[in-house]
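Notes follow once the structure below has been shown.
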Amino acid sequence: MLFDPFSIFWTIWSVICLLSALGMAAIALHALRSIPQLSDLPLPPADARLPSISLIAPARNEERNIESAMRTMLAIDYPSLQITIVNDRSTDQTGEILDRLAASEPRLKVVHIHDLPAGWLGKNHANHLGAQAATGDWLLFTDADVLFEPTAVKRGIQYALTHHLDHLAVAPDCQMQPLLLRAYVIAFMLLFTMFLRTWRVKEPRDPAHVGIGAFNLIRTAVYHGIGGHHKIAMRPDDDLKLGKLVKLHGFRQYLAYGRDMIVVEWYPTVWEMVRGLEKNMFSGLDYRLEIVLGATLSLASGHLLPFAAPFFTPQPACWLFAATAAIYWSLAVFVAFEFRQPWYVGLLYPVAVATFLFVMLRATTLNLWQGGLQWRGTFYSLKELRANRV
């Protein structure tokens, strides 16, 4: 048969998928080379006059990790560092542990919150209160379970000052035991890079932006000038939206990788990851179903189909789909190697993408079914969440 619509369709689609994979690989490799590792950044000169920094971390029911994280924060090598931990209505021993540590450490200030005012998400309110109590020239927003290498803050502030930045975000070194979680982080990193166009973040006039909860370092004057957390009071993705506010107001920001410098156990189990991402998957897509649908179609047809299509499509499409799958596998293996994960973690790329799809669709469905979000013991309606547009 000279004209076979079935073969023509699959051939065209396989070419599109192959070109898309090649483009993603080129962009991801460029981003990996252009975005610095925090550990490779120079320390400031010994006689440098460094600005004061206020580190702020909300904590809610963190008794399992809070003391080990606090030990690393208190060991940060920085001459003028104020540490404010905001105990956000914890019902475990978090508050008692913090008070005990603060009794022997003058740099540590503990703020206890007992009630959450209307119109605020708990973490955002805690960050807001911490910023109000801060006196530093710069604010460093982080999480209460993050482990810091002693020179990490010095390296970050030196890079920000040298490059005249107003905001520096650092992606943490996520350490997890389950193999699927490791693969998920690799896939998430690649999709995060493409979705946010992280290689364009440093361009002042480009709308590309970034923000990361484990390490958001921002000038205090800039933070207050853009409205602070009050502007993003009802955003579960507050870290990312803080970065968006920075760019919307014309300030400069960039991103670094925190391998060995900023370390966090993201989630101990796959199910806890699935549950934990209920709060920000739909919000990260701006609560827009058309974006959810577009992302679903793109991931299913562009990232998952090439791994199955070689078994049921005719030539030459089957070979082009196989080449596409090989590119994604090679890219994921390379990224795993770069971030010191076993190479075979990269081979789970299609499983990780399928998991990402499941998490996104589950979070969207739950948010719509429940009419909102249940987070940290409080229910927030979808109407009030959507109203906080940035």
Just give me the residues in region 129-168 being outside any loop (DSSP other than H, G, I, E, B) and under 27 Å from ARG89 (Cα atoms), in sequence order.
LEU129, GLY130, ALA131, GLN132, ALA133, TRP138, LEU139, LEU140, PHE141, LEU147, PHE148
Do any helices (runs of 4 or more DSSP H) lying entirely in region 1-112 carry at least 3 residues that are in contact with a strand residue (DSSP E or B) (Cβ under 9 Å, 6 or more places away or on another chain) and either of a type in the set (A, V, I, L, M) or on the phi > 0 side of the Ramachandran plot (or both), and which ones are they?
66-74, 94-103
Selection from region 249-258 of residues that are more than 13 Å from PHE148 (Cβ to Cβ) and touching a residue at least 60 places away in the same chain (Cβ under 8 Å)
PHE251, ARG252, GLN253, TYR254, LEU255, ALA256, TYR257
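Yes/no per residue for (1) at pLDDT below 95; (2) loosely packed, with under 15 Cβ neighbours inside 10 Å:
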position: ALA57; (1), (2): no, no
position: GLU62; (1), (2): yes, no
position: ILE66; (1), (2): yes, no
position: ALA75; (1), (2): no, yes
position: PRO79; (1), (2): yes, yes
position: THR84; (1), (2): no, no
position: SER90; (1), (2): yes, no
Every residue from region 179-205 that is open to solvent by less than 20 Å² (accessible area, probe 1.4 Å) and either more than 16 Å from ALA256 (Cα to Cα) or in a helix (DSSP H, G or I) (or both)
LEU181, ALA183, TYR184, ILE186, ALA187, LEU190, THR193, LEU196, THR198
Could you please let me know if ALA208 is crowded, with 20+ Cβ neighbours inside 10 Å and touching a residue at least 24 places away in the same chain (Cβ under 8 Å)?
no
Please verify whether ALA309 is free of Cβ contacts under 8 Å to residues at least 60 places away in the same chain, open to solvent by less than 10 Å² (accessible area, probe 1.4 Å) and part of a helix (DSSP H, G or I), treating the condition exactly as stated.
no
Residue that is surrounded by the fewest Cβ atoms within 10 Å (Cβ to Cβ), among those in region 231-257 that are touching a Lys or Arg at 6+ places or on another chain (Cβ under 6 Å) and over 18 Å from ALA221 (Cα atoms):
ARG235
Selection over region 233-263 where residues are in a loop (DSSP other than H, G, I, E, B) and in contact with a Leu (Cβ under 6 Å, 6 or more places away or on another chain) yields a count of 2
Sole exception among (1) over 23 Å from THR220 (Cα atoms); (2) at pLDDT 95 or above; (3) in contact with a helix residue (DSSP H, G or I) (Cβ under 7 Å, 6 or more places away or on another chain) for LEU19, by number
(3)
GLY284 - would you say it is surrounded by fewer than 16 Cβ atoms within 10 Å (Cβ to Cβ), closer than 26 Å to LYS383 by Cα and among the small types (Gly, Ala, Ser)?
no
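The rows are residues; the columns are (1) open to solvent by less than 30 Å² (accessible area, probe 1.4 Å); (2) under 27 Å from the mean Cα position of the chain (by Cα); (3) modelled with pLDDT under 95; (4) on the phi > 0 side of the Ramachandran plot.
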{"position": "ARG288", "(1), (2), (3), (4)": "no, yes, yes, no"}
{"position": "LEU299", "(1), (2), (3), (4)": "yes, yes, no, no"}
{"position": "HIS303", "(1), (2), (3), (4)": "yes, yes, no, no"}
{"position": "PRO316", "(1), (2), (3), (4)": "no, no, yes, no"}
{"position": "ALA322", "(1), (2), (3), (4)": "no, no, no, no"}
{"position": "SER330", "(1), (2), (3), (4)": "no, yes, no, no"}
Looking at this structure, is MET176 hydrophobic (A, V, I, L, M, F, W, C), in a loop (DSSP other than H, G, I, E, B), in contact (Cβ under 8 Å) with a residue 40 or more places away in the chain and open to solvent by 10 Å² or more (accessible area, probe 1.4 Å)?
yes
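The values are calculated or read from the model by the stated rules, or taken from the named source; none is laboratory data. Predicted model only: the values in this text are computed from it and were never measured. So basically every Cβ, Gly included, is an ideal-geometry build from the backbone, and we count neighbours across all protein chains shown. Remember, those area values only see protein heavy atoms, side chains included, never the ligands or the DNA or RNA. Shrake-Rupley method; radii C 1.70, N 1.55, O 1.52, S 1.80 Å.
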